[in-house]
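Trainee: Take a look at the following structure, please.
The values are calculated or read from the model by the stated rules, or taken from the named source; none is laboratory data. Computed from a prediction, not measured in an experiment: that's the story for all the values here. Neighbour counts are summed over all protein chains in view; Cβ atoms, including those assigned to glycine, are modelled from backbone coordinates with ideal geometry.
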Amino acid sequence: MPCCGKARTQLQGTISSQRPKPAPSVASQPQAQPHTGQSSYFSYFGKTGLTVSGPVSSRIYRFLANGAPIAVDARDASALARVPNLRQVRHV
């Protein structure tokens, strides 16, 4: 009685080599955003600390009460300018 396992293995190898490989998913590839390397500076004028997440860069900014200016990604500057008690300042 002949063995069919060898023929089956050959057939599976032929079928799997004929299958097209799936294209990489767009969602799995990170979306590169250009970064200009520029910073804006903000100070917090409040009685407690403040933590803000940059909507474009996703960076977390931690401001101390009446603390020193912090460099902020320029792409996040317009959103942070709308936060109460947070003001854009010149770099000192």
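Trainee: If you check every pair at least six apart or on different chains, which have Cβ atoms under 8 Å apart with a residue in the range 37-52 that is surrounded by fewer than 18 Cβ atoms within 10 Å (Cβ to Cβ) first and a residue that is modelled with pLDDT of 90 or more and of a type in the set (Asp, Glu) second?
Mentor: What qualifies is 39/73.
Trainee: Also, I was wondering about something else. Can you tell me which residue in the range 39-54 is farthest from the chain's Cα centre (by Cα), limited to those that are at pLDDT below 95 and outside any strand (DSSP E or B)?
Mentor: Looking at the filtered set, the residue picked out is 47.
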